[in-house]
1. If the requirement is being under 14 Å from the mean Cα position of the chain (by Cα), modelled with pLDDT under 90 and within 14 Å of residue 56 (Cβ to Cβ), which of these qualifies: 123, 78?
2. Looking at the range 52-96, which of its residues are open to solvent by 30 Å² or more (accessible area, probe 1.4 Å), touching a residue at least 60 places away in the same chain (Cβ under 8 Å) and either farther than 19 Å from residue 129 by Cα or hydrophobic (A, V, I, L, M, F, W, C) (or both)?
3. So, residue 41, is that one within 16 Å of residue 131 (Cβ to Cβ), modelled with pLDDT of 95 or more and under 11 Å from the mean Cα position of the chain (by Cα) or not?
4. Residue 117: surrounded by fewer than 21 Cβ atoms within 10 Å (Cβ to Cβ) and at pLDDT 95 or above, yes or no?
Amino acid sequence: MGMQHIDIALVLGTLALATACGGSPTDPKSGDNAAKAPASFSEQVTRGGELFGDHCSSCHGKGGEGTAKAPPVVGPKALPLDPPSGAQFRKSKFVTVADVADFVTKNMPADAPGSLSEEDYFAVLAFDLHANGIDLDKKLDAGVAASLTIPRD
């Protein structure tokens, strides 16, 4: 199967999820945020929306539009290929959704890096993709993320 191309805004939405910050730190594997693993992309979007509100919106804005604390993850100005100059956390390029997932799982939320489960990180990325107009016909996971190339003008 060849690499799928997605709209840049969708991928950037994924980045937004990856760069989420804020919220109260809990252990989603066993804490208050624990939930049954989503079985579909649609279920991931729903779960990701809850997680975005809890862990990302305080920095990236309620709609992912960005704030003084963090860049946008939704919309045409969402995270570009190269990290912004002076970026506090991001130092790598985002070529695929997997690049974003790798960054997010290691660096976000900023106040508790790596604190979410892999399932929850992919749910947030699914929410961001959806917020940017991208819907998948299968659940987002590491393999699917690696096949999604972020298109550039």
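1. Working: 123 fails: modelled with pLDDT under 90.
Step by step, each of 123, 78 is checked, and only 78 is under 14 Å from the mean Cα position of the chain (by Cα), modelled with pLDDT under 90 and within 14 Å of residue 56 (Cβ to Cβ).
2. Selection gives 74, 81, 89.
3. Details: within 16 Å of residue 131 (Cβ to Cβ): yes; modelled with pLDDT of 95 or more: yes; under 11 Å from the mean Cα position of the chain (by Cα): no.
No; evaluated as a whole, the condition is false for this residue.
4. Numbers: surrounded by fewer than 21 Cβ atoms within 10 Å (Cβ to Cβ): yes; at pLDDT 95 or above: yes.
Yes; evaluated as a whole, the condition is true for this residue.
The values are calculated or read from the model by the stated rules, or taken from the named source; none is laboratory data. From a predicted model like this one, the values you see are computed outputs, not experimental measurements. Note: ideal-geometry Cβ built from the backbone for every residue, glycine included; neighbour counts use all protein chains shown. These area figures cover heavy atoms from the full protein model, side chains too; ligands, DNA and RNA do not enter into them. Shrake-Rupley method; radii C 1.70, N 1.55, O 1.52, S 1.80 Å.
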